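Visitor: My questions all concern the structure below.
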There are 2 protein chains.
Amino acid sequence: MPVAFAKNSDLGRTALAQPSTTPTKFSPGALADSFFWPKSIAFVGASPDHDTIRGKLLMFAVKNGFTGELYPVNPSHQEVDGFKSYPKVSAIGKPVDLAVVTIPAKLVVDTVEDCARVGVPNVMIIASGFAEEGGAAADMQDKLSEISRRTGMRIAGPNCQGYFNALGNVTATFSPVGDSLKDQQVFEAAPDRRVGVVSQSGGLGFALCSRGRAAGLSFSYVISSGNEVDLSAAHYLEYMIEDSQTDIVILLCEAIRDGERFKRAARRASELGKPIVVIKVGNSDAGARAAASHTASLTGSQTAYHAMFQRYGIIEAANLDEAVAITAVLATSPLPKGRRVGIVTGSGGGGAIASDTFTSFGLIVPELSEKVKALIRPLIPPHASPLNPVDITAQGGRTGPLIMRCMEILHESGEIDMVAIVLSTARETQVSAVAENIKAVVKAGTPVTAWTYTLPSLIGRKTMAEGGSTLFQDVRLCGLAYRKLADYAEYRANRLPEPEAPAERLKLDGLPASLSEHRVKALLAPYGISARDERLVRSAAEAADAAATLGFPVALKIQSPDVLHKTEVGGVVVNLVDANAVGSAYDAILGAVKRHKPSAVIEGMLVQKMAPKGHELVIGMVNDPTFGPIMMTGFGGVTVELFGDVAHRPAPLSVDDAKEMIRSLKSAKLLEGFRGAKPIDITPAAELIATLSQVAAANRDVIQEMEFNPVILHADGSGLTIADALIVLKR
Amino acid sequence: MPVAFAKNSDLGRTALAQPSTTPTKFSPGALADSFFWPKSIAFVGASPDHDTIRGKLLMFAVKNGFTGELYPVNPSHQEVDGFKSYPKVSAIGKPVDLAVVTIPAKLVVDTVEDCARVGVPNVMIIASGFAEEGGAAADMQDKLSEISRRTGMRIAGPNCQGYFNALGNVTATFSPVGDSLKDQQVFEAAPDRRVGVVSQSGGLGFALCSRGRAAGLSFSYVISSGNEVDLSAAHYLEYMIEDSQTDIVILLCEAIRDGERFKRAARRASELGKPIVVIKVGNSDAGARAAASHTASLTGSQTAYHAMFQRYGIIEAANLDEAVAITAVLATSPLPKGRRVGIVTGSGGGGAIASDTFTSFGLIVPELSEKVKALIRPLIPPHASPLNPVDITAQGGRTGPLIMRCMEILHESGEIDMVAIVLSTARETQVSAVAENIKAVVKAGTPVTAWTYTLPSLIGRKTMAEGGSTLFQDVRLCGLAYRKLADYAEYRANRLPEPEAPAERLKLDGLPASLSEHRVKALLAPYGISARDERLVRSAAEAADAAATLGFPVALKIQSPDVLHKTEVGGVVVNLVDANAVGSAYDAILGAVKRHKPSAVIEGMLVQKMAPKGHELVIGMVNDPTFGPIMMTGFGGVTVELFGDVAHRPAPLSVDDAKEMIRSLKSAKLLEGFRGAKPIDITPAAELIATLSQVAAANRDVIQEMEFNPVILHADGSGLTIADALIVLKR
C-alpha cells in the first residue's frame, strides 16, 4: 500500500506531477525527462530482504508512492514485495523508462547490454566496484561508457546512491533518508521555492535534503551522481536549472568532469536568476600542480573553481550547515538593496553578539537616525536602547507585538536593508514573533530572519516558517547567510556582460614550447603590447650600441626557450649605466647561462631601458584542464608571497572586469592614494589583463601558461612597462 | 512540593551539596561561600503572580528543590506560594544569607539599607533602572556602591537575571531556563567535569546552560552579573576557578571592570589547569581610542583583551555555539600531544569535508604509514580507502564494529593525536558507534568526537554521551573545537613563566608630557638602549660638526615635546651627505617647524648616522585602562597598514616571550631566509621589546604610550638602530 511521500511537501503539487522543463533550451546531450520522470522502473537485483541495499530500493519506491509501473528483476524470485519478478529486463516485454541496477559489478555490463537491446533509455547503476577500484573493474566502467556512446542510452552512476523526485514521488535510492522523510516533522517556509540537490556524494546529498527539510526547505530532485560514466553532475545541474519547478540548486562536488556544460548551466542560472549554492569538497590540493611559472604555483585547480563560481555568482558554502543556511535565506528572502542590517533584540548581549557577527561578515549595522529613534523610544522602557541593535530589554514574556512593531519601523525607515530578530525561544507556549507581521514585511521587500539564543522551540520554528522566514540557532550561520544574500544581490545588480573571445588565432608554427620575452612581444605586438625601448641583440658590441641608442641605464636579459627562471641562473643584469658595463654584463650572462645549461639554445639578449619607478604587478594565466584559461594578478613582493594577495578570474575579461579584479586586491589601496601618495590610474594594467585574457581564450587549445612579471605601472601615470614576459605552449 | 532540579545532573552530587572551595587561596575582597551556598534566602518583592518576574523567582527556587529557608518579603501579602510573607527583611528575625531584590528601583536603596542593618551578607538586585538609565537612577547605583563599601555587604547586580547553583539546587533567577531545565532531555557526557558560567548578559548566560546541557555538559554555577555595582564578573570567575567542583568556566563579557582580579583568576586557572572559554562581545570599537601614536591607533581596547586571553591560555569563542562546542570537547577530551587528526568515515564525501575543515583550521590530516594501512586494508572493501580519511564506504548499515576497530587502530598507531568519526545518524534504531569502545580509547589518551552528516538522532547523542564524547551536527564546530583543544594543549605544554616587573622606577620629574627621541634614549640608557652614532645639537654649525664626527650620511630630526609627528611637518631630513647639506637642512627644518607651530618648544635637533640597511620594525606600547601596558610590534610599511600584521602581548615580557611575539607575525618569514636571503637573528629586537615591556610594567602608573618607529634590524646581523622613539606620559 503506497504511503504518501513526505506529506508536508506535497501541498497539491501531485496535481502538477509532470516534468515542466522547456527542452528547447537544453544543450546537445542534455538529460531527457524520462530520467527523473519515468512511467516505469525496473529494479534489477530487487530482493525481499529489506535489510539489504537491493531490498530497500523497491520498498522505498512503493512506500513513497510511485504511481507508475514497477518491475523487480531477479531470476531467483517469482515475485518481490508483491510485484511479479522477471529474470531479466528484456523479459519484461513492456517499455521500461529507467532500469535501476544493484547487482554484483561483474554482472552489470551484460545487464546493461540487455537493457540496450530492448531500448531502455535510462539506466542507473547503484552497484559499486568499477573505476574506483582500478584494474579490471575500471575496464568494466570503460565498457559501460562504450555502450552509452554506441547506443545513446543514458547511464547514471555506477557507484551512486540514486535519486528521488519529490515532485513526482519517484524514489530510486537506498539512502535511509528515503525511508525517514515521511516521518520527519517539517514546517515549510517556502513551498513555492523548491530546491534541487546534485551531489557527487550520495550520503551528503541526501543529508542535505533531510537537513534542509528540518530548516523549512522544500525540494524538487535530489540525485547522487557516483562515478559519472556518462551522465555527470553538470547534466543534472543543467536539468534542474531549466526545470520550472526548481528555483535553487545545491551542488556538492569534488571535480566537475564537463566544464563546458557546467559553464552553460551556470550562465543559464545567472540569466534566469536561479541561485546555485555550491559545496566544493577536496580543497587541500594547493600546489599540487607542477609549476612552470610563478603564476602556476599560485593557481591551483581549486583556484579555477573559485574563479568560475565567482564569475557566475555561484554561492560557495564550506559545509552542509552553511549550504542549508544560505539556501534557506535565499528561498525565503527578497534580494536586499544593500548590506545594512537592522537588529531588534530582547537581550542586550544577544544584540551585541549579533552585531559583532554581522560586522565580522562585512555587513553594516548602522545607527538609526534621530527620526527613527524618536519613533521607537516611546515604545520601549527608559533603560532600553533605540540605537541599532534596537534593544527592547528582557520584560519577562509577551514581547512579540513590541518586537514586531520595531521590525516594521526598521523596514519602513529605509535606513536598513535586512532585519534580524534576536529572541529567546525558551518557552514552548509562546514566541516573540508573529507570522503575519513577518510575512507582510518580507512581502514588502525586506528580508527578515530570527536568531534564537536559547534552544529553538517547535513553536518558534513553526511561527517563523509560517511567516515565510528562517529561525537560526547559530548566529554565525545567520550572519553568513545574510552576507551571501547581499553578495548575490550585488552580483545580480552589477552583472557585467560576459565578453566573447575574439576569433583571431596567434601564428605559433615553428616556435619553441617556451616563448621568451622578445618572442612574446613580437607575437603580441598586433594587440598593442608594446616593445618600445628595447632591442634584441646577439653580441656584446650590438648590446652596447643598442644601449647607447635607447639611453642608459638599461637592463640586459638572456633570451632562451631553455631558461625559464633567468634571474636564478645569472641571466639578468639590471641598472647598467654605460657601454662598458653593458659589454661586460653580456659576457658575464653568456658565461653564467652556459655554465648552468651548456645545451641551452640562446636566441640572443634583450637590451631594455630601465623602466620609470612604479608599482610592480604580476599578471599571469594558467589554462585549467576543466575550465580553460584562468587569469591571475597580484602585486610584486611580499604581498603575494606572505599574504596570498592574488586575484583570479576566468578568461576572457573585459577591461571593466579586469579593473574590478585589480581593485579586489588588498594591495590595490597602494594605488588609491595610500599614505597621501598620488592615486595611479589602473586602466593600462586592466587593458593589458583584458588583452591577454582575450588572447588566452582565443588560443586555449595551444597556450598553457602566460606570465608577465613584473609589469611596472608607472607612478607618474605614464603607463606601464612589461619588464618580463613568458608564454608556455601546450605540447 | 519541591521538584528535584535537573535530575540528570545530580548523579549523587547532592550528597556533596556544600561549598568545596579553598578560601585561603582567595585574594582580598573575594566572594564568600554564603553567596552561592545560602542556607536562607529572602525574596524581596515575591508575588503569587507567576507570570511576573517577581512571581517566578520564588516559584523556581521551590520547583528546583532548594532545601534551605525561604522568606518572601512583600507587605501586600500574608503569604506567598505557601510561605509566610514579611513586610521587610529586618522583620524576618532570623539570619538571611542572601536577599534577592525585585522591587521598583526607587525602593531598592531603602531595602538594601534595611538588609545592612540586620547584617545580611549578600544582596542580589534583579531590579533594573540604575546606571543603565543615567541621571538620578545612576545616583541610586552610586548609593548602593557606598552602602557596600561602608558595611562590607556584597551586592550583586543591579539589573541582573540572578544565578543558579546546580550543585546545591539553589535557583535564584527568573530566567525561563530555570523553569525548563528539569524537562530537558539530556545525556551527560562528562558529569565529573562541571562547567561554570559567568555572564554579563543574563539571557545569554542561561542560554549557554541549556544549550550546553543539550550538548552533554553538566554545570556547577550559572550567574548573570548585571551592572556590577560591587561584585563583578572577575569575582565570580575567581570563585569558580577556586571551586573544586568546577572544572571549566565559560565567561561571557563585554567589559572587565576589575582587571587585576581578572588577571589573578586567569593566572590561577592556568596554574590549576582549568580552561576558561571566553565570549568577548562588543568587538566593534576598533579605532575608538584617540591615537597619539601609531601604536595607539593599532591597539584598541579589544586588542588588550585578546592579548590578555592569549597570555593566560584563555580560549576565545565568537558565539554561543562555538563556546558550547569548545567546552564540550574540553570536558570530554584528554589533551592531545599534537595537531594530527585521524578520520574514520562511512561516507567518502563526509570524510573529504571533514578533512577540508580540519585542514582549514590548521590541523593536520596525515596520510597513514604503509604499516597502518596494511592493518586496515583487510577490514574494508576493495574499493574503500585506507588513507586518512579511512573510508570504509557505505555498506547499508551495521558498520559500527568496523568503524570502532578503525578508530582503535588509529589510536594505537601513534600516527595521529585525535580521532574524528564521520557517520550517519539517519536511523533511530542503531548507530555506527559503540560507547564502550569510544570510552576506552578516550581513557587511553586519544580524544574522539563524532560528526554526523545527517540530522543527529537521539540514539546517536545517547551513545556518544555514554562513550564520554561529543556528537557534532556542524563539522565546522568540530574542527574549531579540535583546533582550540590542540591550542590549549600546546599552551599548557609550553607555558612560559610570567616575568616579574622590575622594581626600579624611571625618574620623570620635570619632564614634559611627550618625551622626544633624545630624552627617551637618555632616560633608557641605563637599560642598555643605545644612543651611539647620534648627537643632540642646537645650531646649524653644531649639526655640521656632529655629522662630520659621526660620519656621513646622516639624518637630522627636530626634537620637541610639541611635535609628535615630525615627518608630517617637515621635521626630518634624511641622507644628508655633507656638511653643507646638514647646515641647510637644519635651517629648513627649523623654519618648517616654526611655521607649523610657532609656539613649539625646540629642544634641539638630533644628528644621527644613517643606519645600515635592514628590516624596519615598529615597537610600541599602550597602557590599557583595564589591563595595563600592552606591547605591540609589526613590520614597517604595507604589512601593518594593509594586512594588519601586528602582534600584541601584555607587559612584562621575557626575551623568549618577545621572540614568540615576533615569530607570530606573518612577516617574520622575511627574517627566516625569505627567497633565499640570509636569516636574521631576532634576538636584538626581542631584547628591546622585553626591556621596554619591563620599563612599561614598572612605570605603568606614569607612562601612557611608547613608540619606537622605526627600529631597523640590520640585515648584516650587526644588531639594530632605533631610528625614532617617543614616550608619552600620563598627565
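Visitor: Among A:225, A:250, A:307, whose Cα projects farthest towards the positive end of the dipole of chain A, with charges put on the beta-carbon of Lys, Arg (+1) and Asp, Glu (-1)?
Guide: Ranked along the dipole, the leading option is A:250.
Visitor: As an exercise, identify the trypsin sites (Lys or Arg not before Pro) in the stretch B:581-683 lying in DSSP coil whose Cβ has no more than 10 other Cβ atoms within 10 Å.
Guide: B:613
Visitor: Something else now. Answer rounded, prolate or oblate for chain B, using the Cα gyration tensor with square roots of eigenvalues a ≥ b ≥ c: rounded when a/c is under 1.5, else prolate when a/b is larger than b/c, else oblate.
Guide: oblate
Visitor: Just subtract the alpha-carbon distance of residue A:549 and residue A:302 from 0.36 nm times their residue separation and send over the number in nm, one decimal.
Guide: This chain segment gains 84.2 nm when fully extended.
Visitor: Sticking with this one: Counting only other chains, what is the mean number of Cβ atoms within 10 angstrom of the Cβ of each residue in peptide A:665-674?
Guide: 2
Visitor: How far apart, in nanometres, would the label points at residue A:429 and residue B:267 be if each is projected 7 angstrom from Cα along the Cα-to-Cβ direction?
Guide: Between residue A:429 and residue B:267, the simple spin-label model gives 5.1 nm.
Visitor: Can you compute the FRET efficiency between residue A:32 and residue A:522 using 1/(1 + (r/R0)^6), with r the Cβ-Cβ distance and R0 = 45 Å? Round to the nearest 0.05.
Guide: Plugging the Cβ-Cβ distance into 1/(1 + (r/R0)^6) gives 0.30.
Visitor: Taking each residue in B:53-62, count the Cβ atoms of any other chain within 10 Å of its Cβ, then average. What number comes out?
Guide: Going residue by residue through B:53-62 and averaging, the value is 1.
Visitor: Quick one: which of A:639-650, B:56-67, A:570-581, B:212-223 comes out on top by average Cβ neighbours within 10 Å, and what's the full order, highest first?
Guide: For the peptides A:639-650, B:56-67, A:570-581, B:212-223, the packing ranking is B:212-223, B:56-67, A:639-650, A:570-581.
Visitor: Could you tell me the relative contact order of chain B? Use alpha-carbon pairs under 8 Å, at least six residues apart, and round to a whole percent.
Guide: In percent, rounded to a whole number, it is 9.
Visitor: Also: Past 28 Å, Cα to Cα, is the threshold; run B:484/B:666; A:337/A:371; A:63/A:274 against it and keep the listed order.
Guide: Table pairs above 28 Å Cα-Cα are A:63/A:274.
Visitor: Taking the Cα centre of the stretch A:292-450 as origin, sum charge times position over the Cβ atoms of Lys and Arg (+1) and Asp and Glu (-1), and report the length of that vector in debye to the nearest 20.
Guide: Charge dipole of the stretch A:292-450: 300 debye, to the nearest 20.
Visitor: Let me ask something additional. Can you figure out the FRET efficiency of residue A:436 with residue A:359, using R₀ = 35 Å and their beta-carbon distance, to the nearest 0.05?
Guide: Using R0 = 35 Å, I get an efficiency of 0.65.
Visitor: Based on the alpha-carbon gyration tensor of the stretch A:495-627 and its eigenvalue square roots a ≥ b ≥ c, which shape applies: rounded if a/c is under 1.5, prolate if not and a/b is larger than b/c, or oblate?
Guide: prolate
Visitor: For a label point 7 Å from the Cα of residue A:701 along Cα→C-beta, name the residues of the stretch A:506-549 whose backbone N is under 17 Å from it.
Guide: A:506-510
Visitor: While we're here: By how many degrees, between 0 and 90 and to the nearest 10, does the Cα long axis of helix A:202-214 differ from the longest principal axis of chain A?
Guide: 60 degrees
Visitor: Quick one: length gained pulling residue B:136 to residue B:371 fully straight, 0.36 nm per residue minus the C-alpha distance?
Guide: Here the answer is 77.0 nm.
Visitor: Rounded, prolate or oblate: which one fits the stretch A:33-274, using the alpha carbon gyration tensor with axes a ≥ b ≥ c (rounded when a/c is under 1.5, else prolate when a/b beats b/c, else oblate)?
Guide: Judged from the Cα gyration tensor, the stretch A:33-274 comes out oblate (a/c at least 1.5, b/c at or above a/b).
Visitor: Sticking with this structure for a sec: Put +1 on the Cβ of every Lys and Arg and -1 on every Asp and Glu Cβ in chain B; which of B:131, B:647, B:318 then has its Cα farthest towards the positive end of the dipole?
Guide: Farthest along the dipole direction, towards plus: B:318.
Visitor: In the protein assembly as shown, if the dipole is taken from +1 on Lys/Arg beta carbons and -1 on Asp/Glu beta carbons about the Cα centre, which of A:453, A:372, B:71 is farthest to the positive end?
Guide: Positive-most Cα among the choices belongs to B:71.
Visitor: If you don't mind, there's one more thing I want to ask. Starting from the 7 Å offset along Cα-to-Cβ, what nm value, one decimal, do you get for the label separation of residue B:675 and residue A:444?
Guide: That separation, rounded to one decimal, is 5.8 nm.
Visitor: By how many nm would the segment from residue A:626 to residue A:494 grow when fully extended, if each residue of separation counts as 0.36 nm and the alpha-carbon distance is taken off?
Guide: Length gained, residue A:626 through residue A:494: 44.9 nm.
Visitor: Starting from 0 in steps of 10 Å, tell me what percent of the Cα-Cα pairs of the protein assembly as shown lands in each bin.
Guide: Pair shares across the bins are 1, 7, 13, 17, 19, 17, 13, 8, 4, 1, 0, 0.
Visitor: Using a cut-off of under 12 Å, list every residue of the stretch B:435-463 whose amide N is near the label point 7 Å from the Cα of residue B:337 along the Cα-to-beta-carbon line.
Guide: B:445-446
Visitor: Still on this structure, please answer the following. Which residue of chain A is nearest the rotation axis onto chain B, counting by its Cβ, and what is the distance in whole Å?
Guide: Result for the A and B rotation: A:643, 2.
Visitor: Placing unit charges on C-beta atoms (Lys and Arg positive, Asp and Glu negative, everything else neutral), compute the dipole magnitude of the stretch A:614-729 about its Cα centre in debye, rounded to 20.
Guide: Around 320 debye, computed over the stretch A:614-729.
Visitor: On a 0 to 90 degree scale, rounded to 10, what angle separates helix A:320-332 from the longest Cα axis of chain A?
Guide: 70 degrees
Visitor: Evaluate E = 1/(1 + (r/R0)^6) for residue B:76 and residue B:459, where r is the Cβ-Cβ distance and R0 equals 60 Å; express this FRET efficiency to the nearest 0.05.
Guide: 0.70
Visitor: In addition: Count, for each residue of A:314-320, the Cβ atoms from other chains sitting within 10 Å of its Cβ, then give me the mean as a whole number.
Guide: The mean count of partner-chain Cβ atoms within 10 Å per residue comes to 4.
Visitor: Where the label is 7 Å out from Cα toward Cβ, how close does residue A:69 come to the same position in every other copy, in nm, shortest first?
Guide: Distances between equivalent label points, in nm: 8.8.
Visitor: Order these peptides, B:450-458, B:472-480, B:369-377, by their mean beta-carbon neighbour count within 10 angstrom, highest first.
Guide: B:472-480, B:450-458, B:369-377
Visitor: While we're on this one: How big is the gap, in Å, between the Cα center of the stretch A:666-731 and the Cα center of the stretch A:569-638?
Guide: Result: 16 Å between the Cα centres.
Visitor: Follow-up question, since we're still on this one. Treating only the Cβ of Lys, Arg, Asp and Glu as charged (+1, +1, -1, -1), what charge dipole size does chain A show about its Cα centre? Round to the nearest 20 debye.
Guide: 820 debye
Rule-based calculations on the coordinates, nothing more; no lab input. Since this is a predicted model, take the numbers as computed values, not measurements. Note: ideal-geometry Cβ built from the backbone for every residue, glycine included; neighbour counts use all protein chains shown.
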